[in-house]
Amino acid sequence: MNNSVGNTARLLGAGLRALLVLTVICGVVYPLAVTGIAQIAFSDKANGSEIKDESGQVVGSSLIGQTYGLPEHDADDPQQAAEPDLKWFQPRPSNGLGSNSVNTRYSLVLSGATNKAGDNPDLVKLVTDAKNAVIADNSTATYEVEPSDVPADAVTSSGSGLDPHISPEYAKIQVHRVAERNRLGVEQVEKLVKENTDGRTLGFMGEPRVNVLELNTALKALTEG
C-alpha cells in the first residue's frame, strides 16, 4: 500500500515538474524568442505593416483596404452610404458584400466575397452601376474615360473585400480627377502613381499593383507640403 502511494506521488511530482518546465519553455521562452527575432528582423511586418503619415501618426495598415468617403448626410440613417470623397484615389468596391445585420449601430468593415454567379442579376446591376460611376466620377473637362478603359478591379470586389491594392490601370484613370480636385498638375500625380506602383513579386508572381493607402498618404503629403 505504501509503495503504491509512493509511486503515485512520484508520478504526480514528475508530471507537475514536466508541466512547469514545458509551461516556461512553450509559454514564456519560446514566445519571447519568436517576438524578439520578429522585432529585430521583421519589425515592420511584426507590428502589422503600419503606414504612418509625415507627422508619424499611424493611418492604417498596408495589408487592409480602406474606404475614402465623405461623411454621411444623415447620421441617424445607418443604411445611408457615405459618398466617395473624389479628391482621393478610390479602392476596389466593397459595397456588394451586404450589410452588417448583427450590429447596425456601427458601420463595421465587412470581409468576404459576394458568392454571386456571373449571371446573377444583382451582381450584374452592381457591376453596371459601378462602371457608370467610375466613368462619371473620373471624367473631367479635359479627360474622358472610355468604357473600354475601365478595368475589372474598378467594378468588382476582391475575395476578401479588403484588398488594399488596385491595378495601375485603375489608378491611371483616376489621375486626372485627383489632379483637378487637388489643384495639382497631371504630371505630378502620374509621377506619384508611378512611385507607388509595385511590380510582380520576385519579378514573375502576381501582377503590378498600387497600394491605395500608401498612394493617398503620399498624395496628402504632396498637397500639404
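The values are calculated or read from the model by the stated rules, or taken from the named source; none is laboratory data. Here the structure is a predicted model, which is why all the values come from computation and not from measurement. Methodologically, a virtual Cβ is constructed for each residue, glycine included, from the backbone with ideal geometry; neighbour enumeration extends over all protein chains shown.
Structural remarks
- Scanning segment 79-102 for residues that are of a type in the set (S, T, N, Q) and at pLDDT 90 or above turns up just one, Q90.
- P147 vs. criteria at pLDDT below 95, over 18 Å from the mean Cα position of the chain (by Cα) and either farther than 17 Å from P93 by Cβ or aromatic (F, W, Y) (or both): no
- Scanning segment 168-222 for residues that are assigned to a helix (DSSP H, G or I), among the charged types (D, E, K, R) and within 21 Å of V145 (Cα to Cα) yields a total of 9.
Matching residues to (1) within 30 Å of R200 (Cβ to Cβ); (2) touching a helix residue (DSSP H, G or I) at 6+ places or on another chain (Cβ under 9 Å); (3) β-branched (V, I, T):
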| site | (1), (2), (3) |
| --- | --- |
| D122 | no, yes, no |
| V127 | yes, yes, yes |
| A130 | yes, yes, no |
| V134 | yes, yes, yes |
| N138 | yes, yes, no |
| E146 | yes, yes, no |
| V150 | yes, yes, yes |
| T156 | yes, yes, yes |
| D163 | yes, yes, no |
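- Qualifying residue in segment 188-211 (condition: among the charged types (D, E, K, R), touching a helix residue (DSSP H, G or I) at 6+ places or on another chain (Cβ under 7 Å), surrounded by 15 or more Cβ atoms within 10 Å (Cβ to Cβ) and assigned by TED's automatic domain parsing to the domain that holds D85): yes
- Against the test of being closer than 16 Å to A218 by Cα and outside any loop (DSSP other than H, G, I, E, B), the options V21, V28, V34, V59 yield a single qualifying residue, V59.
- Segment 43-56, residues that are assigned to a loop (DSSP other than H, G, I, E, B) and surrounded by 11 or more Cβ atoms within 10 Å (Cβ to Cβ): N47, G48, S49, D53, E54
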